[in-house]
1. Based on a Kirkwood Rh over C-alpha pairs, give the Stokes-Einstein translational diffusion coefficient of region 1-138 at 4 °C and viscosity 1.567 mPa s in µm²/s.
2. Name the long-range amide H neighbours of F34: under 5 Å, sequence gap of 5 or more, or other chain; modelled H, no Pro or chain starts.
3. What FRET efficiency do you get for R150 and L213 if R0 is 22 Å and r is their Cβ-Cβ distance, rounded to the nearest 0.05?
4. Taking N as the number of residues in region 75-223, what is its alpha-carbon radius of gyration divided by 2.2 N^0.38 Å?
5. Give, as ranges by residue number, the residues of region 185-215 whose backbone N falls under 19 Å from the point 7 Å along Cα→Cβ of F81.
6. In angstroms, what radius of gyration and Dmax does region 152-225 have, counting Cα atoms only?
7. Seen from all sides and averaged, what is the projected area of the convex hull of the Cα atoms in region 63-150, in nm²?
8. What residue among I19, I174, I212 has the largest mean-square fluctuation in a Gaussian network model of the chain, using Cα springs under 10 Å?
Amino acid sequence: MATITLRNLVKAYGNVEVIHGIDLDIADGEFVVFVGPSGCGKSTTLRMIAGLEEVTGGEIRIGDRLVNDVDPKGRNIAMVFQNYAIYPHLTVRQNIAFGLYTSPLSRAEKDARVTDAAQMLGLTPLLDRRPSALSGGQRQRVAMGRAMVRDPAAFLFDEPLSNLDAQLRAQMRIEIKRLHSRLGTTIAYVTHDQVEAMTMADRIVVMKDGHILQAGAPMEIYENP
Ligand code: ADP
Ligand code: ADP
């Protein structure tokens, strides 16, 4: 688990600045949801935290550690994307275990982590299936399982539910919340879905044009839009 600290964070593509000096403190175990119009910089911010985009200016800290120059693997952070990126030729068990592919853990420890993750995500009866025999929500859970077994300091979710139908989205919202309360892992979550933000966030960060417009508990944001 870890805090995530952004200090005067800037991102430019070429000479076009798209993130204009963001300051934000995400507490250990906090569930922060980024919202705002398309193109406002939510995804770029998340990708910089993950180490998938270079930082143009400012600082990113995970815990006490300055990670500006640390590659994604060194950050101990897990990303979950909307197009779940699971492997069709592998079973659910193998897909989850893939998160530990290069890990130095013992075989027994890896197996135990896969078993625990599957249990927590309700995937135990499906461990020997291939993705083609799963629903969209189940596939999304496999992707989460693969991220979970790495025991990350934080999860970053970029519109993880936008490919799912309304009913599955509702179900997955509950499951992700439940997972958060069990694991207590810090979460930064990007969505354009109002309901997702309102129901899942400890704190909502509203972005606009590469700035943070407002940050507060869902009720504060709701009452002072
Ligand atoms: P959001 O996630 O809020 O929709 P993004 O973070 O994807 O917004 O984009 C923020 C801004 O950065 C947009 O103006 C977008 O066009 C621009 N942008 C994103 N990725 C790139 C890129 N690889 N090259 C140039 N501009 C980009
Ligand atoms: P390497 O990428 O060199 O194989 P890693 O230990 O960093 O070594 O990663 C093992 C594998 O787990 C990588 O291929 C990585 O892409 C994968 N992986 C699966 N799910 C995730 C996730 N949610 N976040 C980060 N890595 C993941």
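1. Values: Rh = 17.4 Å.
In µm²/s, the coefficient is 75.
2. Y189, V190, T191, V205
3. Working: r = 33 Å, r/R0 = 1.50.
Step by step, r from the Cβ atoms, then E = 0.10.
4. On the way: Rg = 16.0 Å, N = 149, 2.2 N^0.38 = 14.7 Å.
The reported ratio for this selection is 1.09.
5. 188-192
6. Every Cα atom of region 152-225 included, Rg and Dmax give 12.7, 35 Å.
7. Working: hull surface 26.4 nm².
Approximately 6.6 nm², given one-decimal rounding.
8. Its mean-square fluctuation being the largest, the pick is I174.
Coordinate-derived values only; no laboratory data. The structure displayed is predicted, hence computed values, not measured ones. Every residue, glycine as well, gets a Cβ built from its backbone with ideal geometry; the counts of neighbours run over all protein chains shown.
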